[in-house]
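**Student:** I have a structure here, written as structure tokens, and I will follow up with some questions on it.
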Amino acid sequence: MKHFFKVSITVYFFYMFTYGTWYFFHVIDLVNLRIDNGWTGSLVFLPHGARVLMVCFFRYYSLPALYLAEITGPSLLNYEKYNINYVDGSNIASIGCIIAIILSVELIKWSKVTEGKFSFFKPVNFKNYKFLFLVIVLSSLLSGVLCNSILTIINDQISIDVLTVLRFMIGDFLGAITVIAIMWIVFTTAIDTRMIISPENK
Amino acid sequence: MSIYRDDLIDILKMLMNIEKDLNLVCYSDTQKKIYYTIALKISKTGSCNISDVIQNSGLSRSTVYKTIKKFELDNIVKLDQSKSDKREFNLSFVTT
């Protein structure tokens, strides 16, 4: 239970941090000083990186906090614009994004990457970043399709074209890669400058 | 060790594996420590010699000598004989 709480707090804050960072760059186009340049921002959707990392490393303990962050994140940052009724079905579409990651992780397991028999409870060794990269690729593709399909089914007012699905896929992929690249730069610099101890020295 | 800490360490290991596989940094942790010791000493006092590195890093004389030799071969660090003590060598970074 203690582990679950620790994981939930970490997941919630990490997701909100990536969402907040993405939201800042997405709303304020710093280069051209244009406000609400929304669609270009979603080409690098940083929170997908948080979703993938948290599900891969904290496994299914992370799911409740991740979903809570998904549905509360937009409202907490800009309630007037993104209140709970912003787009009908967006809360359920978020489930699609999370399911996309779960499916990707299970696909990796099913492909016999892990030793022994297949099990939903068996963790994958994501210390090998190549598995993580596979999850990012698969989940970006699935997330784009699932999330938009759910939105279209639930919300009659929205019609989503193929380019929007493609933008979601590219945005999720680039966002996740960006988060991992930034974390890599930050943590390796912190290890090099002795701000944190290298895990290899433990 | 708690599962939570293990999971966080796994994230760090994953990030370090990227660095190793891409072969972006060809120096070990010990070598990096010596490099940062030299940099820190130079930034604080303006000069650094081999004895300072041995004293501040806490590493053995042979490790420090071997590493500095490697840095010299890689054209990162330059060795100049000290004017006050002929047995001592001052270290400085090569700037191109």
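The values are calculated or read from the model by the stated rules, or taken from the named source; none is laboratory data. Just so you know, these numbers come straight off a predicted model, no measurement behind them. Note that each Cβ is placed from the backbone with ideal geometry, even for glycine, and that neighbours are counted across all protein chains shown. When the accessible area is computed, the model is the full protein with side chains, heavy atoms only, and any ligands, DNA or RNA have been set aside. Shrake-Rupley method; radii C 1.70, N 1.55, O 1.52, S 1.80 Å.
**Student:** Would you mind stating whether B:Tyr35 is within 11 Å of the chain's Cα centre (by Cα) and within 10 Å of chain A (Cβ to nearest Cβ)?
**Tutor:** In short, yes.
**Student:** How many residues are within 17 Å of B:Thr30 (Cβ to Cβ) and surrounded by 13 or more Cβ atoms within 10 Å (Cβ to Cβ) when one looks only at the stretch B:56-96? Even if it seems obvious, please write down each step before you answer.
**Tutor:** Going residue by residue through the stretch B:56-96, those that are within 17 Å of B:Thr30 (Cβ to Cβ) are B:56-74, B:76-77, B:91.
Cutting the leftovers down to surrounded by 13 or more Cβ atoms within 10 Å (Cβ to Cβ) gives us B:56-57, B:59, B:63-68, B:70-72, B:76-77, B:91.
Looking only at that region, the number is 15.
**Student:** Where in chain B are there helices (runs of 4 or more DSSP H), lying wholly inside it, with at least 2 residues that are at pLDDT below 85 and closer than 25 Å to A:Thr188 by Cα?
**Tutor:** The qualifying helices (runs of 4 or more DSSP H) are B:3-22, B:29-45.
Table: residues versus (1) within 24 Å of A:Ile71 (Cβ to Cβ); (2) buried (at least 18 other Cβ atoms within 10 Å of the Cβ); (3) modelled with pLDDT of 85 or more.
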residue	(1), (2), (3)
A:Phe131	no, yes, yes
A:Ile136	yes, yes, yes
A:Ile154	yes, no, no
A:Gln157	yes, no, no
A:Asp172	yes, yes, yes
A:Thr193	no, no, no
A:Glu200	no, no, no
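**Student:** With the structure loaded, tell me whether B:Lys78 is in contact with an Asp or Glu (Cβ under 8 Å, 6 or more places away or on another chain) and either in contact (Cβ under 8 Å) with a residue 12 or more places away in the chain or not acidic (Asp, Glu) (or both) or whether it fails that test.
**Tutor:** Taking the combined requirement at face value, the residue satisfies it.
**Student:** A follow-up question, please. I'd like to check something: does the stretch A:28-37 contain any residue that is charged (D, E, K, R), surrounded by fewer than 16 Cβ atoms within 10 Å (Cβ to Cβ), assigned to a loop (DSSP other than H, G, I, E, B) and modelled with pLDDT under 70?
**Tutor:** Yes, that holds for at least one residue.
**Student:** Just one of the numbered conditions (1) closer than 30 Å to A:Phe4 by Cα; (2) in contact (Cβ under 8 Å) with a residue 24 or more places away in the chain is not true of B:Asn49; which one?
**Tutor:** Condition not satisfied by B:Asn49: (1).
**Student:** Further question on the same structure: Identify, by number, the condition in (1) touching a Cys at 6+ places or on another chain (Cβ under 8 Å); (2) within 14 Å of chain A (Cβ to nearest Cβ) that B:Asp10 doesn't meet.
**Tutor:** Exception for B:Asp10: condition (1).
**Student:** Show the residue pairs meeting these rules: Cβ distance below 6 Å; 6+ apart or different chains; first residue within the stretch A:1-21 and within 15 Å of B:Tyr4 (Cα to Cα) and within 14 Å of chain B (Cβ to nearest Cβ); second residue part of a helix (DSSP H, G or I) and open to solvent by 60 Å² or more (accessible area, probe 1.4 Å).
**Tutor:** From the stretch A:1-21, the pairs are A:His3/B:Ile3; A:Phe4/A:Tyr61; A:Val7/A:Tyr61.
**Student:** If you go through the stretch B:68-84 one residue at a time, how many are over 20 Å from B:Thr95 (Cβ atoms) and touching a helix residue (DSSP H, G or I) at 6+ places or on another chain (Cβ under 9 Å)?
**Tutor:** 0
**Student:** Which of the residues that make up the stretch A:157-192 are assigned to a helix (DSSP H, G or I), more than 14 Å from chain B (Cβ to nearest Cβ) and hydrophobic (A, V, I, L, M, F, W, C)?
**Tutor:** A:Val162, A:Leu163, A:Val165, A:Leu166, A:Phe168, A:Met169, A:Ile170, A:Phe173, A:Leu174 - these are the residues of the stretch A:157-192 that are assigned to a helix (DSSP H, G or I), more than 14 Å from chain B (Cβ to nearest Cβ) and hydrophobic (A, V, I, L, M, F, W, C).
**Student:** Now for a different question. How about the stretch A:3-15: which of its residues are surrounded by 20 or more Cβ atoms within 10 Å (Cβ to Cβ) and among the aliphatic types (A, V, I, L, M)?
**Tutor:** Across the stretch A:3-15, the qualifying residues are A:Val7, A:Val11.
**Student:** Residue check, B:Ile50 against (1) open to solvent by 30 Å² or more (accessible area, probe 1.4 Å); (2) more than 10 Å from chain A (Cβ to nearest Cβ), all met but one. Which one?
**Tutor:** (1)
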